[in-house]
Amino acid sequence: MDGPLTRPIIDATIPAASKTIRNTIFRNIVFPTIVAFVTVVTSPIWLVQVVCHWTSTLTLWRKASRPSVKLDSRYHDYDRLAKVLSRQPSLPLFQTSAQFQTQEGYCAPTTERMILKSIPGFNSNSLSPMKIGPSQPDKVAATIDTLAKAGGITTRSHVIYGSDGYTPFLSALRKVNNPRYRVSANFLRSPLFGIDKTPQLVASLFLSGHFSPIVGFDEAEGVVAVFDVNAEYGLFLVDVERFYEAVDTWDVFEGKSRGLVVTEVLEKEL
């Protein structure tokens, strides 16, 4: 990782062993090739989506046409980041559970594991070798609860969809700093980081859905701390309203918006 993410405050949050991504060739060559091929082959399907859901497409295009959040001074603001993380009582648990996905497509299972490992009493030895699984919010919520039970704890997860509105979204984020809760997000990258150039234009608009844990929230400052399980992004701050725009995006495969997975820890020792 480069830049501010290598400095002490982030090093204290991310275990050194987690900083190596082993699939550089896959990420830089194979995956873009696959995406480009799929985009070309499925272009008639995308054309139908654009025509049938043209208002959603225009809204998404407007969101994705804004400057990247990387240009926001808060994105890697050290002082603000320290302030936001200081409000997180479970920070030591996130420090020991933090990990990056080892290859593209593993964001959901990586997020699930980070959430579970940050909960006291969870037996991580109960986890099977990681593999690609369901990546829809409701299925991720169900998976977290199932894995939690296998690991000796009890959780109750539910989804707050972006389409539910900004107020429920904000209410869910307020649980981020509560030690009885864990919150993860399914969001689209393009409203945050912009649109890739062709031939991946359509893919970057519709297919760049992603999962990551939320590790901090400062309502007064209006920022969310996202621990992106993709090491190219890592831990960053983003404006809460801008983040909502990335969550409130239409998943063309599911026929519904993306959302937040709110996990309540039911174990009495918490």
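Residues that are outside any strand (DSSP E or B) and either modelled with pLDDT under 95 or over 11 Å from the mean Cα position of the chain (by Cα) (or both) within the range 247-264 comprise 248, 249, 252, 253, 254, 255, listed in sequence order.
Exactly one residue out of 179, 129 is at pLDDT below 95 and of a type outside the set (Asp, Glu): that is 129. The set of residues from the range 116-140 being of a type outside the set (Ser, Thr, Tyr), assigned to a helix (DSSP H, G or I) and either touching a Pro at 6+ places or on another chain (Cβ under 6 Å) or surrounded by fewer than 23 Cβ atoms within 10 Å (Cβ to Cβ) (or both) comprises 117, 125, 138, 139. Only residues that are surrounded by fewer than 22 Cβ atoms within 10 Å (Cβ to Cβ), in contact (Cβ under 8 Å) with a residue 40 or more places away in the chain and within 20 Å of the chain's Cα centre (by Cα) were counted across the range 146-156, and they come to 1. I'd like to verify a number: residues in the range 134-183 that are of a type in the set (Asp, Glu) and touching a Lys or Arg at 6+ places or on another chain (Cβ under 8 Å), how many? The qualifying residues number 1. Considering 233, 244, the condition of being in a loop (DSSP other than H, G, I, E, B) and at pLDDT 90 or above is satisfied by 233 alone.
Taking the conditions (1) under 25 Å from residue 119 (Cβ atoms); (2) under 19 Å from the mean Cα position of the chain (by Cα) in turn, residue 82 satisfies each one other than (2). Screening residue 99 on (1) buried (at least 17 other Cβ atoms within 10 Å of the Cβ); (2) part of a helix (DSSP H, G or I) shows it passes everything except condition (2). Scanning the range 160-182 for residues that are in a strand (DSSP E or B) and buried (at least 22 other Cβ atoms within 10 Å of the Cβ) yields a count of 2. Taking the range 83-96 as the range and being outside any loop (DSSP other than H, G, I, E, B) and surrounded by 15 or more Cβ atoms within 10 Å (Cβ to Cβ) as the test, the residues that pass are 83, 84, 85, 91, 93, 94, 95.
Among all residues of the range 105-112, there is at least one that is at pLDDT below 90, within 21 Å of residue 210 (Cβ to Cβ) and either out of contact with any Gly (no Cβ under 6 Å at 6 or more places or on another chain) or in a helix (DSSP H, G or I) (or both). Counting only residues that are closer than 28 Å to residue 224 by Cα, among the aromatic types (Phe, Trp, Tyr) and surrounded by fewer than 17 Cβ atoms within 10 Å (Cβ to Cβ), which one in the range 43-82 is modelled with the highest pLDDT? Among them, the one singled out is 78. Checking each residue in the range 55-69 for being assigned to a helix (DSSP H, G or I), of a type in the set (Ser, Thr, Tyr) and either without any contact (Cβ under 8 Å) to a residue 12 or more places away in the chain or in contact with a Leu (Cβ under 9 Å, 6 or more places away or on another chain) (or both) picks out 55, 57, 59.
The values are calculated or read from the model by the stated rules, or taken from the named source; none is laboratory data. Since this is a predicted model, take the numbers as computed values, not measurements. Using ideal geometry, Cβ is built from the backbone for each residue, glycine included, and neighbour counts are taken over all protein chains shown.
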